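The values are calculated or read from the model by the stated rules, or taken from the named source; none is laboratory data. Keep in mind that what you see is a predicted model, and the values were worked out from it rather than measured. In this analysis, Cβ positions are derived from the backbone assuming ideal geometry, glycine residues included, and neighbour counts consider all displayed protein chains. Heavy atoms of the whole protein, side chains included, go into the accessibility calculation; ligands, DNA and RNA do not. Shrake-Rupley method; radii C 1.70, N 1.55, O 1.52, S 1.80 Å.
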Amino acid sequence: MNQPTLPIIAVDGPAASGKGTLARRLATHFDFAYLDTGKLYRAVGLKVVRTGGDPEDEEAAEAAARALDTTELDDPALSGDDAASAASKVAAIDGVRQALLEFQRSFAAMPPEGKKGAVLDGRDIGTVICPEATAKLFVTADVETRADRRHKELLNRGETSIYPRVLEDLKARDARDMNRASAPLKPAADATVLDTTAMDVEQAFAEALKIVGGKVQEALDVLAEDSGDPELF
Ligand code: C5P
């Protein structure tokens, strides 16, 4: 029997736009598997830096990406700004993106734990990784709002944070992500842009659900029909 096509929700957007929180909540809501693809690039960037390498060194970065082990994705240091900055450098290297492509596509096509769908968040999920995704969101917010959220998040975690520096880091990361030649950050032609500047987490989730809910349910209904068991999905 052919592998059924499971629903995929693609959530893309710039750093600190709230896409991670949203993607995680959508995954919980639909009981889908969730993949934070930024972690892959963070793990590669951190690995290069930790071994004394330069994240802009194409060979070193690609080798690190090819050798990436999923157990490295649990490292708490991945959430730090050093990992983020190194990530956006290795992410501009085509060989790194190619090395991480299959893992992401397989996760989406065959989600772990027998889940009936997947939510992936990143920068190029709707454009490159899963262009056939069931539903696509492009989550964004003004850069000052994103910097403010990130700054508060760092302070809440007990870390030192200086707002102007956070703002500059985000602007530099946005520029690198949007201007790179390989899979630049941009909404897919068929993505719905969700601007969360004036929304809190609950409002953003409610809006996201309005956008993707119908399409996802339709895909689940088709799956149930194809399997001949309406109770299955
Ligand atoms: O989403 P997060 O902030 O964790 O991503 C870290 C960096 O990894 C981004 O700034 C971006 O350069 C890169 N990235 C990417 N493509 C993805 C996910 C992340 O280029 N799908």
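Taken as a whole, the condition of being within 20 Å of Thr140 (Cβ to Cβ), open to solvent by less than 40 Å² (accessible area, probe 1.4 Å) and either free of Cβ contacts under 8 Å to residues at least 60 places away in the same chain or out of contact with any Leu (no Cβ under 7 Å at 6 or more places or on another chain) (or both) applies to Leu22. On the given criteria, is Thr145 at pLDDT 95 or above, outside any loop (DSSP other than H, G, I, E, B) and out of contact with any Ser or Thr (no Cβ under 6 Å at 6 or more places or on another chain)? Answer is no for this residue.
If the condition is being buried (at least 18 other Cβ atoms within 10 Å of the Cβ) and small (Gly, Ala, Ser), then segment 64-88 contributes Ala64, Ala65, Ala83, Ala84, Ala86, Ala87, Ser88. Among the residues of segment 76-95, the ones that are in contact (Cβ under 8 Å) with a residue 24 or more places away in the chain and more than 13 Å from the ligand (Cβ to nearest atom) come to 1 in all. Candidates Gly52, Gly13: the one that is touching a helix residue (DSSP H, G or I) at 6+ places or on another chain (Cβ under 9 Å) and not charged (D, E, K, R) is Gly13.
Whether any residue in segment 55-74 is within 30 Å of Ala135 (Cα to Cα), among the acidic types (Asp, Glu), touching a helix residue (DSSP H, G or I) at 6+ places or on another chain (Cβ under 7 Å) and free of Cβ contacts under 8 Å to residues at least 60 places away in the same chain is what I want to check. Checking segment 55-74: at least one residue is within 30 Å of Ala135 (Cα to Cα), among the acidic types (Asp, Glu), touching a helix residue (DSSP H, G or I) at 6+ places or on another chain (Cβ under 7 Å) and free of Cβ contacts under 8 Å to residues at least 60 places away in the same chain. Restricting segment 89-104 to residues that are part of a helix (DSSP H, G or I) and touching a helix residue (DSSP H, G or I) at 6+ places or on another chain (Cβ under 6 Å), the residue that is surrounded by the fewest Cβ atoms within 10 Å (Cβ to Cβ) is Gly95. Taking (1) near the ligand (Cβ under 9 Å from one of its atoms); (2) under 25 Å from Gly214 (Cα atoms) in turn, Arg105 satisfies each apart from (1). When segment 127-137 is filtered for residues that are more than 15 Å from Gly38 (Cβ to Cβ) and out of contact with any Leu (no Cβ under 6 Å at 6 or more places or on another chain), the ones remaining, listed by number, are Thr127, Cys130, Pro131, Glu132, Ala133, Thr134, Ala135, Lys136. The C-beta contact set for segment 189-212 (first residue open to solvent by 50 Å² or more (accessible area, probe 1.4 Å), second residue among the polar types (S, T, N, Q) and not in a helix (DSSP H, G or I), distance under 6 angstrom, 6+ apart or interchain) comprises Asp195/Thr140. If you check Leu155 against the conditions, is it among the hydrophobic types (A, V, I, L, M, F, W, C), part of a helix (DSSP H, G or I) and open to solvent by 80 Å² or more (accessible area, probe 1.4 Å)? It is true that Leu155 is among the hydrophobic types (A, V, I, L, M, F, W, C), part of a helix (DSSP H, G or I) and open to solvent by 80 Å² or more (accessible area, probe 1.4 Å). Residue count for segment 53-62 under the criterion of being buried (at least 19 other Cβ atoms within 10 Å of the Cβ) and in a helix (DSSP H, G or I): the result is 3. For beta carbons closer than 6 Å, sequence separation of 6+ or different chains, a first residue in segment 97-114 that is farther than 14 Å from Thr70 by Cβ and not assigned by TED's automatic domain parsing to the domain that holds Ala183 and a second that is part of a loop (DSSP other than H, G, I, E, B) and within 12 Å of the ligand (Cβ to nearest atom), the qualifying pairs are Arg97/Ser182; Arg97/Ala183; Ala108/Cys130.
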